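> This is the structure, below, for whatever I ask next.
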């Protein structure tokens, strides 16, 4: 819930202070932000089920978060990366969320245009949550 409120806060700041227009559907953007937040929450829960200590969880999160940022296309264009890094970026949910966000905010894309990325993000969310549930159930035994 906190991350979703942060998302709304960032959108408000972007609109009011930086005058960034949202060219697409705000509702679609918020729904897909929720999907991405579920995916990242699942990754966090999965990490917490694997870690034995808080320090181990923190380090694992950093080793997961940093490559995600670098390989998603957020800092560097994907086209400028070597081929093996471009291939690795397909395993990062943030890559698809950035395509969705840029599509809605900058281009005004609709759900039909973004359907492949939305589908892949749904698959990520499902796989991560199933893995987390399986891992959590196993840990309770």
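Values quoted throughout were computed directly from the atomic coordinates according to the rules given, and no laboratory measurement underlies them. Keep in mind that what you see is a predicted model, and the values were worked out from it rather than measured. Every residue, glycine among them, receives a Cβ derived from its backbone with ideal geometry; neighbour counts consider all protein chains shown.
> Modelling each spin label as a point 7 Å along the Cα-to-Cβ direction, I'd like the residue 17/residue 57 distance in nm, to one decimal.
In this crude label model, residue 17 to residue 57 measures out at 3.0 nm.
> Over all distinct Cα pairs, what is the inverse of the mean 1/r for the chain, reported as the Kirkwood hydrodynamic radius in Å? All intermediate terms of the calculation are to be shown ahead of the outcome.
Working: mean 1/r = 0.0609 Å⁻¹.
Result for the chain, one decimal place: 16.4 Å.
> Same structure again: So if each residue of separation counts as 0.36 nm, and I subtract the Cα-Cα distance between residue 136 and residue 66, what length gain in nm does that give?
Roughly 22.7 nm would be gained on extension.
> Also, quick follow-up: Using a Gaussian network model of the chain with C-alpha springs under 10 Å, which one of 16, 45, 114 is most mobile by mean-square fluctuation?
For the chain, modelled as a Gaussian network with Cα springs under 10 Å, the answer is 16.
> I want to verify a result. In a Gaussian network model of the chain, Cα cutoff 10 Å, which of these has the top mean-square fluctuation: 40, 60, 27?
27
> Which angle between 0 and 90 degrees, to the nearest 10, do you get for helix 93-102 versus the longest principal axis of the chain when only C-alpha atoms count?
Helix 93-102 and the main axis of the chain meet at about 10 degrees.
> Specify the angular offset, from 0 to 90 degrees and rounded to the nearest 10, of the alpha carbon long axis of helix 2-16 from the longest principal axis of the alpha carbons in the chain.
20
> Springs between alpha-carbon pairs under 10 angstrom, Gaussian network model over the chain: which of 82, 67, 116 fluctuates most?
Among 82, 67, 116, the largest mean-square fluctuation in the Gaussian network model of the chain belongs to 82.
> Arrange 39, 61 by Cβ neighbour counts within 10 Å, fewest through most, would you?
61, 39
> Compute the acute angle (0 to 90°) between the alpha-carbon long axis of helix 26-50 and the principal axis of greatest extent of the alpha-carbon atoms of the chain; round to the nearest 10°.
Long axis of 26-50 versus the principal axis of the chain: about 20 degrees.
> Send over the Kirkwood Rh of region 25-66, from the inverse of the averaged 1/r over different Cα pairs, rounded to one decimal Å.
After inverting the pairwise mean of 1/r, the radius is 11.4 Å.
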